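To start, I am sharing the structure in question, which I have written as structure tokens.
None of the figures in this text is laboratory data; all of them are computed from the coordinates on show. Bear in mind the structure is a predicted one, so any value in this text is a computation, not a measurement. As a convention, Cβ positions derive from the backbone with ideal geometry for all residues, glycine included, and neighbour counts pool all protein chains shown.
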Amino acid sequence: MNKVFSSFEEAVSDIQDGSVLMVDGFAGPGGTSQNLIRALRDLGPRDLTIVSNTAGLASVTGFGTIAGDIPIDIGILVDNEQVKKIIASFPVSPSPSRPTSFENAYKKGLVELELVPQGTLAERIRAGGAGIAAFYTPTGVGTLVSEGKETRVFNGKEFVLEHALHADFALIRGYKADTIGNLTFRGTSMNFNGVMVTAAETTIVEVDDIVEPGEIDSYRIDTPGLYVNRLVKV
């Protein structure tokens, strides 16, 4: 199977209306698959559900981007009215004076939110990749995030039932890959990628460099090629 695609547009071309996406990123756009997201914006599928740590950044961030002071993240999909729902841990800007695109759309009732504690989000994604349907956690018991969910008591302590997350596609930012899909990550892209690639039917990765098999030391491989379907070089 040829996993190397010639363009970002080609790599996302079969993402359809109503798809569920997992999108990487943590504390800034540097670890985010910015080029794939931009190609998805241009493709234009609607009613997307996006699973991500954040719901996008404020319009001016101080982080380096590929479009001046406008972050290329899932916020551009929200602005283009392509997003129906976001499942995230940190859906708001750290600065109240600079709300994200998602915040503005949410206040207008244009997009839904499922708020998930960060560790629970990672575990729900991991469970999806591991074939675990659901699990109990003490995180969030007695708070808004546990409302309407099943709870049980184990050893005298209350736990809330959380269900696994799955996706049709994962849009991932890597550092280096070989042509069969073995990946290495660097910096903020090391956070959610490792679990997201296991929980998606199709994993699409943009990387700085693509090399031949054997050119990445085995101990540097963070994700084996088994989980990677498409690669595009930045």
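For the chain, build the convex hull from the C-alpha positions and give me its volume per residue in Å³.
132 Å³
Same structure again: Considering the dipole of the chain built from charges on the beta carbon (Lys and Arg +1, Asp and Glu -1) around the Cα centre, which of Gly214, Tyr136, Phe5 is farthest to its positive end?
Going by the Cα projections, it comes out as Tyr136.
Going Cα to Cα from Lys157, which lysines come in below 29 Å? Please leave out same-chain ones fewer than 8 positions away.
Lys149
A further question on this structure: Taking the Cα centre of the chain as origin, sum charge times position over the Cβ atoms of Lys and Arg (+1) and Asp and Glu (-1), and report the length of that vector in debye to the nearest 20.
Dipole about the Cα centre, nearest 20: 500 debye.
What's the longest bit of the chain with no exposed trypsin sites (Lys or Arg not before Pro), using DSSP loop states and at most 16 other Cβ atoms within 10 Å as the test?
47-107
Here's a follow-up. Hey, any idea what the orientation-averaged projected area of the convex hull of the stretch 185-234's Cα atoms comes to, in nm²?
Mean orientational projected area (the stretch 185-234, Cα hull): 3.6 nm².
A follow-up question, please. In straight Cα distance, which lysines are under 17 Å from Lys107, not counting same-chain residues fewer than 8 positions off?
Leaving aside lysines fewer than 8 places away in the same chain, those within reach of Lys107 are Lys84, Lys85.
List the equivalent ellipsoid semi-axes of the stretch 127-234 in whole Å, largest first, each obtained as the square root of 5λ for an eigenvalue λ of the Cα gyration tensor.
Equivalent ellipsoid semi-axes, largest first: 36, 13, 12 Å.
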